[in-house]
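Asker: Here you go, one structure.
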Amino acid sequence: MYGDLAAKLIQDSKRTQSLDVLPSYQTDLVNSIIREIRDLQRDVKILLDQQGPNFRASQDRRLSCAIFVLQICMRRNKRCLLAYHALRAQRLEALVWSGLETTSIGIEDDTEDEVALSERPSVASGWHPDEEEYFRGYGDALAELKGEWTDVDLTGSMEPPRDLFIDVRVLKDAGEIQTEYGLIALTKNSQFYVRQGDVERLIQQGYIQKLR
């Protein structure tokens with residue numbers, strides 16, 4: 001039945017929202033929906049061609065209703081495709097901002113260099129080639145933006161901090177970081193009272209846990 005494939009795609013999108021990783025691109029399903037849209041377009045064209053160029057909707061209500069239903073099905077399929085790809089694009093952008101999947105950003109290198117964003121390893125298991133290209137292009141754009149604002153941590157949380165300094169526990173060894181107040185060795189299970197801005201990125205990456 002028309003629309004069933006698009007419904008499956010939306011179900012996959014809903015599942016994607018609850019996952020920590022971006023699942024494989026549904027190539028077969030997307031291609032099937034595109035073929036269905038083309039079939040619907042073909043059916044509409046056939047019906048209209050049979051009536052000639054002077055056809056008016058008021059002349060045949062049954063035919064007009066059939067054409068209307070086919071067009072609604074096409075529109076719904078297109079909206080589902082757009083929603084699916086928009087969600088995946090948002091997840092790709094979030095991955096770039098978080099930097100969770102890159103291994104080229106050194107924990108001990110407090111510069112977190114802009115080059116790292118444009119030299120990410122291929123982590124796109126099951127991604128569409130266009131998604132990999134978008135991912136790297138977005139990373140290059142972010143690296144360029146960071147290069148213009150070296151004094152601002154653009155990847156930091158958008159929530160204003162309640163406290164300037166926080167208590168943290170190190171969940172796994174993260175080497176040493178340079179802070180405004182000196183060098184800190186982040187060894188597993190150690191605890192520190194540090195400025196939140198110095199360790200916010202490490203909290204996002206799961207190396208450090210903020211204590212309540």
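The values are calculated or read from the model by the stated rules, or taken from the named source; none is laboratory data. A quick note: this is a predicted structure, and the numbers were derived from the prediction, not measured. A quick note on method: Cβ atoms are made from the backbone with ideal geometry, for glycine too, and the neighbour counts reach across all protein chains shown.
Asker: So, in segment 14-41, of the ones that are under 13 Å from the mean Cα position of the chain (by Cα) and surrounded by 18 or more Cβ atoms within 10 Å (Cβ to Cβ), which residue ends up modelled with the lowest pLDDT?
Answerer: Going through the qualifying residues, I end up with L22.
Asker: Mind counting the residues in segment 65-83 that are buried (at least 16 other Cβ atoms within 10 Å of the Cβ) and touching a Ser or Thr at 6+ places or on another chain (Cβ under 9 Å)?
Answerer: Residues that pass the stated criteria total 1.
Asker: Can you run down the residue pairs with Cβ atoms below 8 Å, 6 or more apart or on separate chains, where the first is in segment 172-187 and in the same structural domain as Q204 (by TED's automatic domain parsing) and under 12 Å from I208 (Cα atoms) and the partner is among the basic types (K, R) and part of a loop (DSSP other than H, G, I, E, B)?
Answerer: Here the result reads K172/K188; D173/K188, each pair linking segment 172-187 to a residue that is among the basic types (K, R) and part of a loop (DSSP other than H, G, I, E, B).
Asker: Just one of (1) in a helix (DSSP H, G or I); (2) surrounded by 10 or more Cβ atoms within 10 Å (Cβ to Cβ) trips up Q50, so point out which.
Answerer: It is condition (2) that Q50 fails.
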